1. Would you pick out the residues in segment 72-88 that are in contact (Cβ under 8 Å) with a residue 12 or more places away in the chain and closer than 21 Å to Gln4 by Cα?
2. Hand me the list of strands (runs of 3 or more DSSP E) wholly inside segment 535-628 holding 1 or more residues that are at pLDDT 85 or above and within 40 Å of the chain's Cα centre (by Cα).
3. Only residues that are open to solvent by less than 60 Å² (accessible area, probe 1.4 Å) and of a type outside the set (A, V, I, L, M): list them for segment 569-578, please.
4. Which of the residues that make up segment 1-33 are charged (D, E, K, R), open to solvent by 70 Å² or more (accessible area, probe 1.4 Å) and either over 20 Å from Gln188 (Cβ atoms) or touching a Cys at 6+ places or on another chain (Cβ under 9 Å) (or both)?
5. Just to confirm my filter: which helices (runs of 4 or more DSSP H) fall fully inside segment 1-66 and include at least 3 residues that are over 42 Å from the mean Cα position of the chain (by Cα) and at pLDDT 90 or above?
6. Which count do you get for residues in segment 511-569 that are hydrophobic (A, V, I, L, M, F, W, C) and more than 13 Å from Cys587 (Cα to Cα)?
7. Go through Ile403, Ile331 for me and flag whichever is at pLDDT 85 or above, assigned to a helix (DSSP H, G or I), of a type in the set (A, V, I, L, M, F, W, C) and surrounded by 15 or more Cβ atoms within 10 Å (Cβ to Cβ).
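The values are calculated or read from the model by the stated rules, or taken from the named source; none is laboratory data. Nothing here was measured: the structure is a model prediction, and the numbers come from that model. So basically every Cβ, Gly included, is an ideal-geometry build from the backbone, and we count neighbours across all protein chains shown. Ligands, DNA and RNA are stripped out before the accessible areas are found, and what is left, the full protein with its side chains, is counted by its heavy atoms. Shrake-Rupley method; radii C 1.70, N 1.55, O 1.52, S 1.80 Å.
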Amino acid sequence: MAYQTLYLRWRPSSFETLVGQAPVKQALMNAIRSGRIAHAYLFTGPRGTGKTTTARIFAKALNCLNGPTDHPCGECLNCRQITDGSAMDVQELDAASNRGVDDIKNLNKNADFAPVNCRYKVYIIDEAHMLTTEACNALLKTLEEPPDHVVFILATTEPQKILPTIHSRCQRFDFHPITQEEIVAHLQKVAEGSGIRAEKEALELIAAASEGGMRDALSLLEQCGVMAETVTAEEVRSVRGIIGREILRELVRAIGQRNVADALLIFDKLLMQGKDISQILAELSGYMRALLLFRATPGYQPIYVTDTAEELAAVAALYNGERILAAQEIIHGAMNELRFTARGRITAEMCLYDLCSEDNRTLKALAARISRLEEELAALKANGIAMQGGSPAVGAAEAGPEIAEPSVRTAKPVPAQKPGPAAGKEAKPVPAGAGFGPAAVAEPVKPAPQKPEPDTVAPDRTAAAMSVPAPQKTAAAAEPTPPASSSKNIAEASAPPASGQSYNAYGGEWATGDEYWQQALELLRSDRKMSIASCASNGHVVAYGDKVLTVGFRTKFLCERMQKSDYREMVEGALLRVARIPIRLQCIVDAGGNSPKPSGATAAPGGKDVPVSASTKKAMEMFGATLRKK
């Protein structure tokens, strides 16, 4: 007798030997027992899960000489003919190659004839989604009102492609991927019955690689059994082109340590072993998935096919959840790019560089960086280091006597102390040089900023602000006062809003504010808020502090438009997504920092003031224009 492959030799012949699909088996067996047999069934599910096999078993159950029965004997003439595919009344139609309207017309004609030997004529249409639209329409009438002796069974892996008119005329049964435990148990049974020696770890690896398909698992077991006398995990990895567990672990560890050199060397070693780039990235993504699920729930058993619990725990210490999610996003982007590039190695190397570097291009990468900084801050606090003024400061209990002294944390000598009521003698004054040691120089504390007097100007104000007297604060200052006339000078237009919010131009945290502003503009463009982004791109950051971002515009029109609630709320929302803290937007008119001129006069290029009318002045302010003297 000719040799048969494992998946044909061990093909189930009854409902009892069918692996998995318990709900489907129970429903079909109950239908046979009760006699409520439908005229059309639709079996859907992934490949290798038993759709066609179940259809044959169901045909045997309907046509067994001892039936209809839910336990076909498998020995009568009808059962044997259905098993070997020679039964005239059970026909299988491969819709991938017989998909035309003429094939379905033939089927409709034959369906009208009575069965030859069997009780029912059963038509099994495999890959039913491949039928053309015309063929499906030709099948509709017969499928809706078939003869009493006909049963249709349609099998497909893509049920969404089946016409709704056909779908509604069938009873649908969904076949799910077979579990790993069921596949491993069946593989052990097959290996023992076929004389194949296999390790338990190898069978688990085969089950994981088959992704729920029993036919794929049996084919891989047979292939590995031919390669060696004993099927080992290394043999399975060699046949499937799977990366070794140890070298994959080293690659993930190098990425976790941000060691670009080691990661690239390991990647080059894998390529020299003949590993496929797509397979490397796919398994790297799988290991990241195992790390994430190990951190979430260590008791989840499917992740231990990737690595042992001890090794996962050691590598997981190098990652946090946010960084793993960011890494998955980078890996998936590289895998998608591999489909459209001829230089896959370059794509993979850039992916490894991104995984090792502190990349801030995505929100997940930013979240990972913030999470890492929070962990470092928590570690500093756990060691007794508190944050003061934005920099770490050691507590007085752990610091030396010099750091504990108040004079060390000030920039001026401590004056002589007055005698207290309980003092027995007068306290000695502290010398002028006391408190100025190395510790004082290393961590000086800035004095609290003093508010300027009403009639003085802070030294860091611009020249335009210095030439204008500071407004007096009153109770009505919170409400903006309408202008007395339509022509305002540049100083009045560039002054802060009536809310009283002051700012230090281009000082302090200006660089941080400018970075937030640029990232917010990119976010608005990516969200297709083009009108808002276009208006906002005309502004430039003047100051940032106390969660207030001051942005200057050259024209009053753009400033007022950005200050309106619809534009301002969208920009503040983008700033919140970028900075992770609420930031208020403050818009001012900033024409470039020129000295203000009296109302009704404008500086010409020659340096002389040229009187202009109020309407001309208003137009110049709106469009940011200047006068040019010929």
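1. Restricting attention to segment 72-88, the residues satisfying the condition of being in contact (Cβ under 8 Å) with a residue 12 or more places away in the chain are 72, 74, 76-79, 81-83, 87-88.
Residues satisfying the conditions are Gly74, Cys79, Gln81, Ile82, Thr83, Ala87.
2. Answer list for segment 535-628: 540-545, 548-553, 584-589.
3. Residues of segment 569-578 open to solvent by less than 60 Å² (accessible area, probe 1.4 Å): 571-575, 578.
Glu572, Gly573 - these are the residues of segment 569-578 that are open to solvent by less than 60 Å² (accessible area, probe 1.4 Å) and of a type outside the set (A, V, I, L, M).
4. Arg33
5. Values: elements: 6-9, 22-34, 51-63.
Those helices (runs of 4 or more DSSP H) span 22-34, 51-63.
6. Counting residues in segment 511-569 that are hydrophobic (A, V, I, L, M, F, W, C) and more than 13 Å from Cys587 (Cα to Cα) gives 8.
7. So the residue among Ile403, Ile331 that is at pLDDT 85 or above, assigned to a helix (DSSP H, G or I), of a type in the set (A, V, I, L, M, F, W, C) and surrounded by 15 or more Cβ atoms within 10 Å (Cβ to Cβ) is Ile331.
Results for (1) over 30 Å from Glu145 (Cα atoms); (2) out of contact with any Lys or Arg (no Cβ under 6 Å at 6 or more places or on another chain); (3) open to solvent by less than 30 Å² (accessible area, probe 1.4 Å), shown as yes or no for each residue.
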{"residue": "Arg169", "(1), (2), (3)": "no, yes, no"}
{"residue": "Asp174", "(1), (2), (3)": "no, yes, no"}
{"residue": "Pro177", "(1), (2), (3)": "yes, yes, no"}
{"residue": "His186", "(1), (2), (3)": "yes, yes, yes"}
{"residue": "Glu192", "(1), (2), (3)": "yes, yes, no"}
{"residue": "Lys200", "(1), (2), (3)": "yes, yes, no"}
{"residue": "Ala209", "(1), (2), (3)": "yes, no, yes"}
{"residue": "Met214", "(1), (2), (3)": "yes, yes, yes"}
{"residue": "Leu221", "(1), (2), (3)": "yes, yes, yes"}
